[in-house]
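Contents: one structure, followed by commentary.
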Amino acid sequence: MIPSIAEQNIHQVLTQKMSIQSFEQWLYEDGVLESSNPDLYLELISFDYSSENSFYDSFAKYVHFYKFEADRITEYLHSIINKDESCGNAIWVMYELYCDGYGFLGKLGIIYGLCLVDYETSESNHNIDNILDKLYPEIIDDAKNVLNWLEEGKIVFKSQDNGYGVFEYEDLRSETEILQGNA
């Protein structure tokens with residue numbers, strides 16, 4: 001079994017949130033993997049860290065990506081709530097994830113995300129900031145609803161992806177919450 005900190009750090013490298021050099025440094029400084037999974041530890045210390053491209057092929061098999069899906073969506077939700085410089089992309093991703101099968105993102109995907117899809121496909125010269133201004137502040141409450149469902153364990157990702165980066169999930173929301181999230 002792989003310790004959760006090791007799985008998390010491998011995931012961080014695979015998703016480019018941690019440099020491979022930082023991972024290598026962590027590996028040598030933290031003894032948790034050496035004592036709990038000596039075979040994986042040996043495989044990792046034997047890896048040629050100058051060959052960053054082959055890290056995914058070598059170590060993705062140790063990561064259960066579904067465990068990190070809620071965290072990934074949470075990052076997008078925080079971007080929307082904080083209206084940071086990436087909020088437009090985050091709203092767009094909500095649309096894509098809804099279309100890919102995450103029904104709990106209905107309101108964020110259809111009501112808000114579709115506005116950006118229309119913007120991207122229109123020939124007018126609308127300013128993206130003007131479009132975003134029309135979505136706020138209403139989108140914040142809807143993003144906070146989804147964030148609460150994730151934090152409260154009402155949306156639980158439970159298996160590997162379908163090949164398109166979408167995971168099966170269990171929806172434990174009440175009928176009221178389900179209606180609240182629908183477009």
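The values are calculated or read from the model by the stated rules, or taken from the named source; none is laboratory data. None of the values given here were measured: they were computed from a predicted structure. A quick note on method: Cβ atoms are made from the backbone with ideal geometry, for glycine too, and the neighbour counts reach across all protein chains shown. Calculation scope for accessible area: heavy atoms of the full protein, side chains included, ligands and nucleic acids excluded. Shrake-Rupley method; radii C 1.70, N 1.55, O 1.52, S 1.80 Å.
Find which of Trp92, Ala70, Cys115 sits farthest along the positive direction of the dipole of the range 57-152, computed with +1 on the beta-carbon of Lys and Arg, -1 on that of Asp and Glu, about the Cα centre. Going by the Cα projections, it comes out as Ala70. Here the Gaussian network model covers the chain, with springs between Cα atoms less than 10 Å apart; of Ala60, Ala143, Ala70, Ala60 fluctuates the most. Per residue, the solvent-accessible area of the chain (1.4 Å probe, heavy atoms of protein chains only, all protein chains present) comes to 56 Å².
Between the amide H of Phe157 and those of Glu170, distances stay under 5 Å, these residues lying 5 or more places away or on another chain, with hydrogens modeled in the peptide plane. Taken along the Cα-to-beta-carbon direction at a fixed 7 Å, the label points for Tyr164 and His64 span 2.5 nm.
Taking DSSP loops as anything outside H, G, I, E and B, show the longest stretch in the chain free of GluC sites (Glu not before Pro) there with at most 16 other beta carbons within 10 Å. Formally, the longest exposed-site-free interval is 1-84.
Counting protein heavy atoms only, the range 52-119 has 48 percent of its accessible area on carbon and sulfur, 1.4 angstrom probe. Between the range 1-39 and the range 129-183, what's the alpha-carbon centroid distance in Å? Centre-to-centre (Cα) distance: 30 Å.
Each Lys or Arg adds one and each Asp or Glu subtracts one; over the other residues with Cβ under 15 Å from the Cβ of Asp133, this totals -2. Based on Cα contacts under 8 Å between residues 6+ apart, the chain shows a relative contact order of 19 percent.
Only Cα pairs within less than 10 Å get springs; with that Gaussian network setup on the chain, which residue of Asn37, Asn89, Asn145 has the largest fluctuation? Among Asn37, Asn89, Asn145, the largest GNM mean-square fluctuation belongs to Asn37. For Lys144, a cut-off of 25 angstrom between C-alpha atoms picks up these lysines, skipping any fewer than 8 places away in its own chain: Lys17, Lys67, Lys83, Lys107, Lys134, Lys154, Lys158.
Compute the orientation-averaged projected area for the chain from the convex hull of its Cα atoms and round it to one decimal in nm².
Details: hull surface 49.7 nm².
With the hull built on Cα positions only, its mean projection is 12.4 nm².
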